[in-house]
Every structure is written in structure tokens, then in C-alpha cells.
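Everything below concerns the one structure shown next.
The values are calculated or read from the model by the stated rules, or taken from the named source; none is laboratory data. What you see is a predicted model; the values in this text were computed from it and never measured. A quick note on method: Cβ atoms are made from the backbone with ideal geometry, for glycine too, and the neighbour counts reach across all protein chains shown. With ligands, DNA and RNA removed, areas are computed over all heavy atoms of the protein, side chains included. Shrake-Rupley method; radii C 1.70, N 1.55, O 1.52, S 1.80 Å.
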Amino acid sequence: MAIKLQQAGITDITIYEKADDVGGTWRDNTYPGLSCDIPSRFYQYTFAMKPDWSRFFSPGGEIHEYFSGVADTHGLRERIRFGTEVLGAEFVDDRWRVRTSDGRTSEVDFLISATGILHHPRYPDIEGLDSFGGAVFHSARWDHDVELAGKRVAVIGTGSTGVQIVCGLADTAGRVDMFQRSAQWIMPFPNQRYSRAAKAAHRRFPRLDELTYRTYMKTFEFFARALVKPGWRRRLIGAICRANLRTVRDPELRRALTPDYQPMCKRLVISSRFFRAIQQDNVELVTEGIDHVEPRGIVTADGVLHELDVIALATGFDAHAFMRPMNLTGRDGVTLEDAWQDGPRAHLTVALPGFPNFFMLMGPHSPVGNYSLTTIAENQAEHILGWIRRWQSDQFDSVAPTQQATDTFNAEMRAAMPDTVWATGCTSWYLGKDGNPELWPWTPDKHRHALAEPNLAEYDLRVGNRVATEPAVR
Ligand code: NAP
């Protein structure tokens, strides 16, 4: 967002960051085995293509380095107030008054939230967890001071994170016990290393990067139909996952690893390594429920004590917080808590009625299921920049979507949800508290098009306290 603003000549930008470094998820997650299961040549900014990614799915450290490098190249660090948390903001006299943890208040014309989705670790409520004698940490708070070589490690959780950690530890830890509450469908995908020649070719011909990016974008958009509509694509991906499961030799283990819901209902896990890892002699799948934790380890419902040195919690995140606990107060004193009492709702994933000149990146219902978040962020940033440009040309003082347009959009999404694979009967972080998926129920290209051409009739545009008149809106 900041780079797009800079490129448009807007330089009066402040970025608030409560941590002391850039990188978001790639700063917070450093667990063994971490990589991104979206191809690196697609998981990057179109304005900062990296020709020499090491692998098809590059490791987390390399991705963090990439984002840090982009921040440096574009001179963003000097605009960032590190160690500064935004506590709240109020919309007063067409400006946002932003309160920060350093006790300061700043006034801004536009407020944009880019706080991520998978940000607040979710800790499991397991009796006795505090009494454990060894180390316990969440996957997003990995304690690298804890030596793991030769140790007995528990991994609780079988999502993308748990699977990557088990793969990352299988060859170093003495033993790994993976505690599974629900089995996961696993889609195999080889993670090849890029040859020196491939990197040189991409360096020499930047058009190749663009071409590869576009090819992935089209491919992902094509297969996204499997997520949002029943049909042959969904059946094909399901068949690949089932065939992959058949590579597990031991029938009992295979049964234990067989999910009782449709492939892709939970976020699809991509790994060519997991089934090999779980079949290693030093790796065990524990399917018995966790009863409690005691100082020596985890006791399962069958009374067995699994003695351990380390417990890694790959138990996911609170994906519904968005920018909260930040307190936002929009026009006429409406608060975010009020606006979202039935769950996070936005217009076109980026804006909220009653909260003028406020926008979100990765807001509610963004198309985040197995897609590149950099691509979504770029589309949303372009859209937000469009509004700021209209504001710069004096078309209005404040803009917010109308309640009616937001309600209609949310009703359309709700009507489309039953066709999606996420609504076929499983639990996942995709579901809101009403049990409905909080994802984009159409293909990502529809999201791109909707943002590219906003319908001005769906917005409350005001000049001072007056509705902007027709000629002011072009
Ligand atoms: P997650 O998908 O929410 O999985 C959490 C796991 O913890 C689930 O297996 C859940 O079981 C289990 N769990 C939670 N509480 C538990 C409890 N009290 N006892 C036992 N098990 C418990 O979290 P995640 O694996 O961290 O992944 C979150 C998302 O991050 C992914 O879906 C993906 O979008 C993203 N991610 C992406 C990548 C990538 O490579 N791009 C890598 C990692 C993560 P149930 O299924 O039974 O609830």
C-alpha cells in the first residue's frame, strides 16, 4: 500500500508497526520446516520480482528477507514507527484521530488497516498445560533457544503449520508425536530447487518473471473454481489427495490419516514430504484425544502418558479479529464492536459503512483460501489508491460504502456460500461464529474485477456534511 502511494506521489505516509521489524507473518513464524506453499514466483509483488528464488516453494527465511529487501529498496523503514501500537482511532471532522501506545495522537486523512489475518495465536485450552516441565510454545512464537536435536517433541495440530513442523523436525528430533484431532487431506506437490540456469534466465529476461506470474495467476484462478463450485475440478483435486493417501503403506495408519470430510473443506495442506515423515520410525501419529498435560508430558484419553521434552502448539490463529483489539469509532460514534457484533462484514472486503476514509487490506471475506496474498493485497491497494486519488481531485471529503450496498453484497455472498467446498461439513478457521465461511465465495478474478471498477452509487460520498452532488462525482 505504502509503495503504491509513494509511486502515486503521495509521500505523507506514516506506517505504524507494533513489532520492531517488518515482515508480518514471515517475521513472526520461524518454525522448522517453514515455507510458503504458494509458488514463490507468484507469491511476490509484481513491482518487485525476484528472479532468483531458491525453490518452487521457498523457505520462510528467504521470504522474510525478500519483504525486508522490498521495504529497504523503497525507503519504507524511515516511514515506519516501530514499536508503536495503534490503540484506537476516531473519525472526527472528516479526519481520523489515531491514538498510539506511545501516548501520541495523530490526525490523518485516510486510515488503512493492514494487520493481517493469521496474527493472533490461538492457544488450546488443555488442562495442566502450564504445569508441563519442558518447553511449550506456539508455532508463531518458536523458541529457538530450546535445543531440539534428539529431543521428544509433541506437535499439537495437523493444519498446514503442524504438517510443516513435523516434516521439519522428523530428521532432527529424537522423536516426534503428532497429536491429531482431525485428519487432513494432503495434496502432494514437488518442491524443486531452481537451477542456476533458470535463475540466470529470469535475471536476464524480466519478461519471463511477468509471464510466469501471470501463468500462475491464471492457473490458480482456474482451479479456484474447485473451491467455489462443485464439478470436475473439485473431483480431480479430491482424487489426487485420495491417491496420495494410498501411498501410506500401513492400513491402520492410512485409516487414521483419512479425513471424514471432503478434500479442501479445510484449507488444503500441500506437502510431498508429510506422508514419508509420518511413516518414519521416530514419528508417531497420536489420534487419541488429549486429556491433560502433566509435568512429564501429555496424557491421552486412554490414560497413556506420552513423555516429552517440548510441546509445540500448531493450533492456529484467531482469524476473525482483523484489526481488533484496536478500537475504531466511525461517524456518529458507531464503534467497530457494534458494527461487527454479528461477525466481521465489509463491502467488497475493503471498506465499512459508517467508517469513512477507512480501508482494509485482507479485510473480511478476502479471497485468501489457497491463493497468493501479495496479489490480493496489490488489487486492494490499487482500489484504495483510486479512492485517495478521487479525494485528491476534490470529488468528496469523505467516502464510505452505504449500509444498503454492504448488506446486499453480504447477502449475495451468503447465497453463494452453499456451493463452496468450505460449507460441505467440517470445522475450520474459515467459519465464522454463525457457521458460515468468511471467505470470498467466487473466483479471485471476480474480486479483482469488482475492485477495479467500483460502482460509485454504492458509496456515501460527502462534501463536509453534504452528500456530494452529481458534478462532483466523476
Ligand atoms: P489451523 O489450520 O487452524 O490448524 C490448527 C490445528 O490445531 C488443527 O488441526 C486443529 O484441529 C488443531 N487444534 C486446535 N486446537 C486444538 C486442541 N485444543 N487440541 C487438539 N488439536 C487442536 O492452523 P495452522 O496450521 O497454523 O494454519 C493456519 C493457516 O495458516 C493455514 O490454513 C494457512 O492458511 C496458513 N498457513 C499457510 C502456510 C503456507 O505454506 N502458505 C503454512 C502454514 C500456515 P481441528 O482441525 O480438529 O480443529
Radius ratio Rg over Rh of region 36-77, counting only Cα atoms, Kirkwood formula for Rh: 0.96
Listed residue (Thr443, Ile298, Gly134) projecting farthest to the positive dipole end of the chain, Cβ model: Thr443
Region 203-245 shape via C-alpha gyration tensor axes, a/c threshold 1.5: oblate
Lys, Arg +1 and Asp, Glu -1 on Cβ, resulting dipole of region 79-148 about Cα centre, debye, nearest 20: 320 debye
Region 1-130 shape via C-alpha gyration tensor axes, a/c threshold 1.5: oblate
Net charge, Ala351 excluded, C-beta distance under 12 Å - Lys, Arg +1, Asp, Glu -1: -1
Rg [Å, one decimal], Dmax [Å, integer] - the chain, C-alpha atoms: 23.4, 74
Accessible area per residue in Å² at 1.4 Å probe, computed on the chain: 46 Å²
Cα-based reach from Lys18 at 13 Å (exclusive), listing aspartates and glutamates while leaving out same-chain residues under 8 positions away: Asp28, Glu85, Asp102
Cysteines in the chain lacking a second Cys C-beta under 4.7 Å: Cys36, Cys167, Cys241
Percent of C-alpha pairs per 5 Å bin, region 129-313, short to long: 1, 7, 13, 16, 15, 13, 12, 9, 7, 3, 2, 0, 0
Accessible surface of Glu284 - all protein chains present, 1.4 Å probe, nearest 10 Å²: 70 Å²
Centre separation in Å (Cα based) which lies between region 413-427 and region 367-395: 26 Å
Which listed pairs, of Lys218/Lys266; Lys266/Lys433; Lys218/Lys446; Lys50/Lys446, have C-alpha distances above 19 Å, in listed order: Lys218/Lys266; Lys50/Lys446
Alpha-carbon centroids, region 288-354 and region 148-181: separation in whole Å: 22 Å
Segments 296-305, 27-36 sorted - mean Cβ within 10 Å per residue, highest first: 27-36, 296-305
Other-chain or far-sequence residues with amide H under 5 Å of Val176's (modelled H): Val153, Val283, Glu284
Percent carbon-and-sulfur accessible area, the chain, ignoring ligands, DNA and RNA, probe 1.4 Å: 49 percent
